[in-house]
1. Within segment 71-94, how many residues are at pLDDT 95 or above, within 15 Å of the chain's Cα centre (by Cα), on the phi < 0 side of the Ramachandran plot and surrounded by fewer than 16 Cβ atoms within 10 Å (Cβ to Cβ)?
2. Within segment 79-94, can you find the residues that are outside any strand (DSSP E or B) and closer than 18 Å to Asp20 by Cβ?
3. Restricting the search to segment 49-65, which residues are touching a strand residue (DSSP E or B) at 6+ places or on another chain (Cβ under 8 Å) and on the phi > 0 side of the Ramachandran plot?
4. For the list (1) within 10 Å of the chain's Cα centre (by Cα); (2) open to solvent by 20 Å² or more (accessible area, probe 1.4 Å); (3) touching a residue at least 12 places away in the same chain (Cβ under 8 Å), I need the number of the one condition that Thr35 fails.
5. So for segment 55-68 (the condition being modelled with pLDDT of 95 or more, open to solvent by 60 Å² or more (accessible area, probe 1.4 Å) and touching a helix residue (DSSP H, G or I) at 6+ places or on another chain (Cβ under 8 Å)), does at least one residue qualify?
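The values are calculated or read from the model by the stated rules, or taken from the named source; none is laboratory data. Bear in mind the structure is a predicted one, so any value in this text is a computation, not a measurement. Virtual Cβ from ideal backbone geometry, glycine too; neighbours counted across all protein chains shown. We work out accessible area using only protein heavy atoms, side chains counted, and drop any ligands, DNA or RNA first. Shrake-Rupley method; radii C 1.70, N 1.55, O 1.52, S 1.80 Å.
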Amino acid sequence: MKVEVKFFTSLREITGKKVDEIQLQSAITVEELLTLLSEKYGEKFREYVYSKEGKVQDFLSFLVNGININVLQGFDTKLKEGDIIAIIPPVGGG
């Protein structure tokens, strides 16, 4: 099973990629995908995505096929073949 993860701003710098195709052995949840990405990209990724308490940072948004996971099953949202996951940081402007 393959999913695509899109990175923006700081995560793009941390990973060195705009997009990463992740090959999976079986269906996983968004939470499990974040664990896998943390293992793949290391400490800087973990520090950006997780608080010191180990919770996912509130300022990040996660979309699966353009839909915010908050209106799906949150971090328990199961991923399917071909899903596109976007990790969106806050957007500032002025």
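1. Selection size over segment 71-94: 6.
2. Listed by number, the residues that qualify are Leu79, Lys80, Glu81, Gly82, Asp83, Pro89.
3. Across segment 49-65, the qualifying residue is only Asn65.
4. (3)
5. no
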